[in-house]
Amino acid sequence: MREQFEVIGMDTFDRRGAATDEAIRLCRTVWEAGVEASFRGEVYRFQPVRFLPKPARPGGPPIWVGGNGRRSIRRAAELGDGWHPVRIGVNELRTGVATLQELLDRNGRQPCDVIVSGKFRLYGPGSGPRDEPHESGLIGRAELIAEKIRSYRVAGLQYLVLDPTQHNASAEALEAIEFFAHEVQPLLN
């Protein structure tokens, strides 16, 4: 949101995509450089500075790019270690994974170079969304949820991030998590 950029004093809202790409390159530069690193881009630039300590993982932590659109998929294929859509339908995921693989190939990268994860809303037994449910919502009997997850796995999903936070109370969220752990997960193994 433009207001978020203004609050932190950044004037890059209108070029936020390019700024994000450059920020990823900047991070990788300082993580991989020796003790000193410099950077010169269109948005960010600095003279040599000491950058220590380095991340424990060589090359820095993995960067998973969030978003459902083509720009996010392109960014993941070019610069990321993961693509992480939110509330995505299974056919949309399948199409996105095909696009990701095509873009990875264009960038000389392998499908194993980028993890495909997704965030899904999880509802406990007998509960559901207040409004029209999204196709990706994990709602209903354990068997139905497990089948839905399997269809996403076939479409290319590798990691599942559960979001039980839409519940009114923490006890309801905990009930949803326990339901998944005890009833759904055993059906997936």
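Couple of notes before you dig in:
- Helices (runs of 4 or more DSSP H) wholly inside the range 106-189 that include at least 1 residues being surrounded by 18 or more Cβ atoms within 10 Å (Cβ to Cβ): 142-155, 170-179
- Residue under evaluation D131, criteria (1) among the charged types (D, E, K, R); (2) touching a strand residue (DSSP E or B) at 6+ places or on another chain (Cβ under 9 Å); (3) over 26 Å from R70 (Cβ atoms), criterion not met: (2)
- Whenever a residue of the range 36-59 is more than 25 Å from G17 (Cα to Cα) and in the same structural domain as T20 (by TED's automatic domain parsing), its partners that are part of a loop (DSSP other than H, G, I, E, B) and of a type in the set (V, I, T), lying with C-beta atoms within less than 7 angstrom and at least six residues away or across chains, give the pairs R50/V35; L52/V35.
- Within the range 20-51, being of a type in the set (G, A, S) and exposed (fewer than 14 other Cβ atoms within 10 Å of the Cβ) holds for G34, S38.
- Long-range neighbours under 8 Å by Cβ, at least six apart or interchain, first residue outside the structural domain of I145 (by TED's automatic domain parsing) within the range 69-98, second surrounded by fewer than 21 Cβ atoms within 10 Å (Cβ to Cβ) and assigned to a helix (DSSP H, G or I): none
- Sole exception among (1) over 15 Å from the mean Cα position of the chain (by Cα); (2) surrounded by 13 or more Cβ atoms within 10 Å (Cβ to Cβ); (3) within 24 Å of Y159 (Cβ to Cβ) for G17, by number: (3)
- Within the range 1-35, the residues that satisfy the criterion of being of a type outside the set (G, A, S) and part of a loop (DSSP other than H, G, I, E, B) are M1, I8, M10, D11, T12, V35.
- Lone qualifier among V30, V90 - being more than 22 Å from the chain's Cα centre (by Cα) and either of a type in the set (A, V, I, L, M) or within 30 Å of Y123 (Cα to Cα) (or both): V30
- From the list G89, G96, G80, G108, the one residue that fits, being among the small types (G, A, S), modelled with pLDDT of 95 or more and closer than 16 Å to A23 by Cβ, is G80.
- The C-beta contact set for the range 156-172 (first residue under 30 Å from D81 (Cα atoms), second residue of a type in the set (D, E) and surrounded by 12 or more Cβ atoms within 10 Å (Cβ to Cβ), distance under 9 angstrom, 6+ apart or interchain) comprises P164/E172; P164/E175.
- When restricted to residues that are surrounded by fewer than 22 Cβ atoms within 10 Å (Cβ to Cβ), touching a Gly at 6+ places or on another chain (Cβ under 9 Å) and part of a helix (DSSP H, G or I), the range 68-92 contains 4.
The values are calculated or read from the model by the stated rules, or taken from the named source; none is laboratory data. Quick caveat, the model's predicted, so the values are computed rather than measured. When we count neighbours, we look across all protein chains shown, and the Cβ atoms used for this are built from the backbone with ideal geometry, even at glycine.
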